[in-house]
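**Student:** Quick one: the structure is below, and I'll ask about it shortly.
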Amino acid sequence: MQKFDLAIAYKWVYDKEFTESIEEMFQQNGLTTYVIHKKHVKTATDSVRNGEFSFKAFLDRGSDEDSEYEEIANLIAKSGAYIINPYYKVETAVNKTLMHKRLEENQINVPETILLPSLLSGNNFQIQQSDLNKSGIPFVVKPSFYSGGGEGVNVNCKSINQIQIERNKNPDDDYLAQEIVIPKPNKQRRIWFRCFWLFGEVVPSWWNDKTHIYGNISPIDFEKHNIGELIERVKRIAELVKLDYFSTEATINKNDELVFIDYVNDQCDMRRQSSHKDGVPDWIVDKFIMNMMELIKRLH
């Protein structure tokens, strides 16, 4: 049996560069990697099933979007390998309805929200226009599960009828109707953050939700915008979800309140900024890999 420190499964074409960076940095540090891509996922599955390969840890960026990866993911999980972002924890963390409730319970500010049960639940929840007026019009409507990267999200809902149209798209999913949080005015840049939790470390960055462009937070920014509070809140979210890595979005509203918008994203886009205008700063990608490597070194 051939043993590897890390298996990496991916499908998205833009994960190729990220995977190559992982391989390069791991091999430079004496660690071994095995890549599972769409072209040879069946061969790799057969090899794992037959006991030819084993892995200390598994970074799975394939099975969430392609059922062809599910068997090898299950085999690796059953083998006792450490699953980076364990599946059962991910299922809870990406449930927007559940996370909304948990953040509220832990005094973490979230948008004014109406939680809507799935149409198939049998719950005859009735929405009132007065409820919508609390959130402001227009408002955002999004599914609890079936969304990612903005997909499935309607950011310009104005009526109960539009809510029902959205709910009918995924009748087995809960929905959230949320206020549109406007960042406080600022001449230098739009006040919006994307923060990464990377294997025990909070890495905050500027992120423009309109252009998707990242920026580094300067020491002056750190003090001016109370980034220390942001870091502590992200640590609290990490304690709640117990994932190895995720990203979250937050802004500061006109009342100087820190508000979290997109709660937990478990499959972070790791395209490098040096290769893509809207990519993640290279140093953050490198920190992801280095922190992951340190975690794997600690595994028995």
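No value in this document is a laboratory result; all are computed from the given coordinates. Treat the numbers as computed from the prediction; the structure is a model and nothing was measured. Neighbour counts run over all protein chains shown; Cβ positions are idealised from the backbone, glycine included.
**Student:** Quick one: P(r) of the range 63-182 from all Cα-Cα pairs, 5 Å bins, percents rounded to integers, in order of increasing distance.
**Tutor:** Going from the shortest bin to the longest, the percentages are 2, 10, 18, 20, 17, 12, 9, 7, 4, 2, 0.
**Student:** Normalised by the number of residues in the range 112-178, what is the relative contact order in percent for Cα pairs under 8 Å and 6+ residues apart?
**Tutor:** On the way: 106 pairs, mean separation 33.1, N = 67.
So the answer I get is 49 percent.
**Student:** For the range 2-84, what's the radius of gyration and Dmax over Cα atoms, in angstrom?
**Tutor:** 11.8, 33
**Student:** Shifting gears a bit: Please report the equivalent ellipsoid semi-axes of the chain, computed as sqrt(5 x eigenvalue) of the Cα gyration tensor, largest first, in whole Å. Before the final figure, lay out each step's value.
**Tutor:** Working: eigenvalues 249, 124, 51 Å².
Equivalent ellipsoid semi-axes, largest first: 35, 25, 16 Å.
**Student:** Take every DSSP beta bridge whose two residues both sit in the chain, then give the antiparallel share in percent to the nearest 5. Please list the in-between numbers first.
**Tutor:** Values: 30 of 46 bridges.
Looking only at bridges with both residues in the chain, the antiparallel portion is about 65 percent.
**Student:** Then there's this: About the Cα centre of the chain, how large is the charge dipole given +1 on each Lys and Arg Cβ and -1 on each Asp and Glu Cβ? Please answer in debye to the nearest 20.
**Tutor:** Details: 37 positive and 44 negative charges, 72 e Å.
Roughly 340 debye for the chain.
**Student:** Which of Val48, Gly215, Ser118 sits farthest toward the positive end of the charge dipole of the chain, with +1 on the Cβ of Lys and Arg and -1 on the Cβ of Asp and Glu?
**Tutor:** Highest projection toward the positive end goes to Gly215.
**Student:** Semi-axes of the equivalent ellipsoid for the range 165-300, please: Cα gyration tensor eigenvalues, times 5, square-rooted, ordered largest first, whole Å. Mind dumping the intermediate values first?
**Tutor:** Details: eigenvalues 119, 94, 51 Å².
That gives 24, 22, 16 Å for the three semi-axes.
**Student:** Going by Cα centres, the range 4-21 and the range 88-129 are how many Å apart?
**Tutor:** So the two Cα centres are separated by 33 Å.
**Student:** Here's another thing I want to ask about it. How are the Cα pair distances of the range 112-178 distributed, in percent, across 5 Å bins from 0?
**Tutor:** 4, 19, 33, 26, 14, 4, 0
**Student:** When only Cα pairs under 8 Å and 6 or more residues apart are kept, what is the percent relative contact order across the chain? Walk me through the intermediate numbers first.
**Tutor:** Values: 497 pairs, mean separation 51.7, N = 300.
Relative contact order comes out at 17 percent.
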